[in-house]
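So the structure is just underneath, and the comments pick up after that.
The values are calculated or read from the model by the stated rules, or taken from the named source; none is laboratory data. Just so you know, these numbers come straight off a predicted model, no measurement behind them. No Cβ is skipped: glycine too gets one built from the backbone with ideal geometry, and neighbour counts run over all protein chains shown. Ligands, DNA and RNA are stripped out before the accessible areas are found, and what is left, the full protein with its side chains, is counted by its heavy atoms. Shrake-Rupley method; radii C 1.70, N 1.55, O 1.52, S 1.80 Å.
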Amino acid sequence: MRNVLVSRRLRGSASALALATAVLAAPQVAAAATCIWNGGTGTYTTSGDWSCGAIPGSADDVQVLVAGSVVNLVGGSNHAGTLDLGAGNQFNLNAGADFFVDNHAVTNNGVITIANASRFISGSGTVTVDGTGAIVLDDTTNYAQITNGGFVFGSGQTVRGSGGLGVNNTLVTNNGLINADVSGGNLFIDVAGGNGSLGGGGVGTGGNSGLFNTGTMQADNSTLTFQGGRYENSAAGVIKAINSGTVALANDSRIIGGTLTSDGASTIAATGGTRYLQNVTLSSGTRLNVTTGADLQVNGGIVNNGTITIANAARMFNETG
C-alpha cells in the first residue's frame, strides 16, 4: 500500500505552525496499488518482497504470478483487495493468520493452504473464487476455517481437507468440489442460519438457504458433517460418501433437492436429534442409516433407490405429521 504524503511549505505565524502540525497529524490517505510478488519464498509482511514496496492492504490488488512462488502468512491480520494466485504457486496461512479479502475477488490457480488456527475471511460482501486451484483446510494442529460473509466457489475450484467451512455466519455457493479427504478427519459445513428460512437473505431458491450446491460435496475416506442449517442442491447437485467415507447429517440440518449417494463401503448417517430431507433422491446402492434415537423428518417425499435403515428408537416420518 502506498501512502500519499502531503507536504506544504508554511511561513509566518503561530497559526501557520498549528496548521502544519494538524496536517502532519491527519490520517494518511490510502491509495490502491497493484502489488506483485517478486518471486521465490518469503513472508507476506516483508515489504521488500512486493513490487509496490509495501505490505499489501485492503485496497490493493495482490498478484502472485512468478512460477515457483511460495507466500507465507504467519499470524496476525493480513489484508488484500483482490488476490491472483498463479498456477503452481502456494499461498500458506499458518500460526493463526487471518487473511481478509476486501474487494470480493480471488483467482486461484495454485494452492491456498489454511492451517493451524488460521482463517480465510470474506472482509465484506461475497468473495468469488475462480480458477482451477485448490483451497486446503489443514486442522492437524488447530482448527482451520473459511468464514464470514459469503463465498462463491467456481466450477474449477476444489475445497478439501479437514476443518470448518463457515461458523454459522457464512453463505456458500459451491459450483465445484468440496471434498473431505483426510482419513480420520472431519470437514464441518456450518453455514448461516438454522433449518428455517433465512427470509430471502441467503442463497438458493428464494434466497432461503445457507448453502447452494450445483457441484459435488463428498466424504472420501473421511467425514463430511452438515451442521444445523439449510443446504440446497440444484438438480445437478450431489452429496456423496465414497471409499469408507461418512456423510453425517447432524441435528437441525436440512437437505433440499439433489442426489444423495454412497458406495457399498460408505454411509449417509443421520445421528442424534432431528434432521430433514426434502425432495431428495437416493441413488442406487446408497445406504442411509438413521441411527439409534435419531429422527428423520421428510417433506415432499424421497425417491429411494437405495436402502434406508431405521435403528432402535429411531423414527422416519412426515415433517407435518
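Take every DSSP beta bridge whose two residues both sit in the chain; close to 5 percent of them are antiparallel. The calculated 222 nm mean residue ellipticity attributable to helices in the chain amounts to -1000 deg cm²/dmol, summing -39500 (n - 2.57) over DSSP H runs of n ≥ 4 and dividing by all residues. Just the protein heavy atoms count here, and of the accessible area of the chain at 1.4 Å, carbon and sulfur take up 50 percent. For segment 173-317, the normalised intensity computed at q = 0.19 Å⁻¹ comes to -1.11 (log10 of I(q)/I(0), Debye sum over alpha carbons, equal scatterers, no solvent).
Residue-wise HN-Hα couplings along segment 231-239, as the Karplus relation 6.51 cos²θ - 1.76 cosθ + 1.60 with θ = phi - 60° gives them from phi, are 10, 10, 9, 6, 4, 8, x, 10, 10 Hz; Gly and Pro carry x.
Taking all protein chains into account, the per residue accessible area for segment 230-270 stands at 28 Å² (1.4 Å probe). With an 8 Å Cα cut-off and a minimum separation of 6 or more residues, compute the relative contact order for the chain in percent. Relative contact order of the chain: 7 percent.
One quarter of the surface of the convex hull around the alpha-carbon atoms of segment 141-194 equals 3.9 nm², the direction-averaged projected area. Calculated on the alpha-carbon coordinates, the convex hull of the chain measures out at 147 cubic angstrom per residue. For the chain, take the longest principal axis of its alpha carbons; what is the angle in degrees between that and the long axis of helix 14-25, to the nearest 10 within 0 to 90? Once rounded, the angle reads 30 degrees.
Under a Cβ-Cβ cut-off of 15 Å, what is the net charge of the residues other than SER77 that fall near it, where Lys and Arg count +1 and Asp and Glu count -1? Counting the neighbours of SER77, the net charge comes to -2. Here is the size of segment 49-149 from its Cα atoms: Rg then Dmax, 12.4, 35 Å.
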